[in-house]
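For reference, the structure is listed below as structure tokens.
The values are calculated or read from the model by the stated rules, or taken from the named source; none is laboratory data. Please read all numbers here as calculations on a predicted model, not as lab measurements. Here the Cβ is made from the backbone with ideal geometry for all residues, glycine too, and neighbour counts use every protein chain on show. With ligands, DNA and RNA removed, areas are computed over all heavy atoms of the protein, side chains included. Shrake-Rupley method; radii C 1.70, N 1.55, O 1.52, S 1.80 Å.
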Amino acid sequence: QVQLVESGGGLVQAGGSLRLSCVASGRTFSTYVMGWFRQAPGKEREFVAAADGSQYYADSVKDRFTISRDNAKNTVYLQMNSLKPEDTAVYYCAADWTIPTLESGYWGQGTQVPVSS
């Protein structure tokens, strides 16, 4: 089984930056696709970013967010720059074998990112 633990969330001003981290259990981390989703209050969960051999982003975060991973540390990161109030959400990391199945894979408990105006 894979266990994911997110951290790094917290209040940030619009225009500021945060770096989220997600630590995964197991020694097969490098074989998993990793990604990030978010859910704003009253809204559906939405895709943010994912990484296999390439990086993929939602249009709303392109050129502002960067996903990366350190396989030696079993950790995936989400660097968030130029944050906007509309980025306010609970951010979840996810892991699965493929990007198409990522949403139905393993999930962390989430970390809150409130962005103030």
Tell me which of these L11 doesn't satisfy, since it passes every other one: (1) open to solvent by 50 Å² or more (accessible area, probe 1.4 Å); (2) under 11 Å from the mean Cα position of the chain (by Cα); (3) within 16 Å of G110 (Cα to Cα). (2)
Identify the residue in segment 66-76 that is under 13 Å from the mean Cα position of the chain (by Cα) and free of Cβ contacts under 8 Å to residues at least 24 places away in the same chain and, among all such residues, is nearest to S21 (Cα to Cα). S68
Looking at (1) open to solvent by 30 Å² or more (accessible area, probe 1.4 Å); (2) without any contact (Cβ under 8 Å) to a residue 60 or more places away in the chain; (3) part of a strand (DSSP E or B), which is the only condition V5 fails? (2)
Any residue at all in segment 20-29 that's part of a strand (DSSP E or B) and under 19 Å from S117 (Cα atoms)? no
Look through segment 15-29, keep the residues that are touching a strand residue (DSSP E or B) at 6+ places or on another chain (Cβ under 8 Å) and open to solvent by 50 Å² or more (accessible area, probe 1.4 Å), and return whichever of them is farthest from T98 (Cα to Cα). S17
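Listed here are the residues, each with its yes/no results for (1) loosely packed, with under 14 Cβ neighbours inside 10 Å; (2) charged (D, E, K, R); (3) touching a Gly at 6+ places or on another chain (Cβ under 6 Å); (4) more than 18 Å from S7 (Cα to Cα).
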residue: G42; (1), (2), (3), (4): yes, no, no, yes
residue: D52; (1), (2), (3), (4): no, yes, no, yes
residue: D59; (1), (2), (3), (4): yes, yes, no, yes
residue: S68; (1), (2), (3), (4): no, no, no, no
residue: K73; (1), (2), (3), (4): yes, yes, no, no
residue: A95; (1), (2), (3), (4): no, no, yes, no
residue: Q109; (1), (2), (3), (4): yes, no, no, no
Could you list, in sequence order, the residues of segment 79-93 that are open to solvent by 10 Å² or more (accessible area, probe 1.4 Å) and in a loop (DSSP other than H, G, I, E, B)? N81, S82, K84, T88
Enumeration of residues in segment 14-45 that are closer than 14 Å to T111 by Cβ and touching a Leu at 6+ places or on another chain (Cβ under 9 Å): L18, R19, L20, S21, C22, V23, W36, F37
Which numbered condition R38 fails, given (1) basic (K, R); (2) open to solvent by 40 Å² or more (accessible area, probe 1.4 Å); (3) modelled with pLDDT of 90 or more: (2)
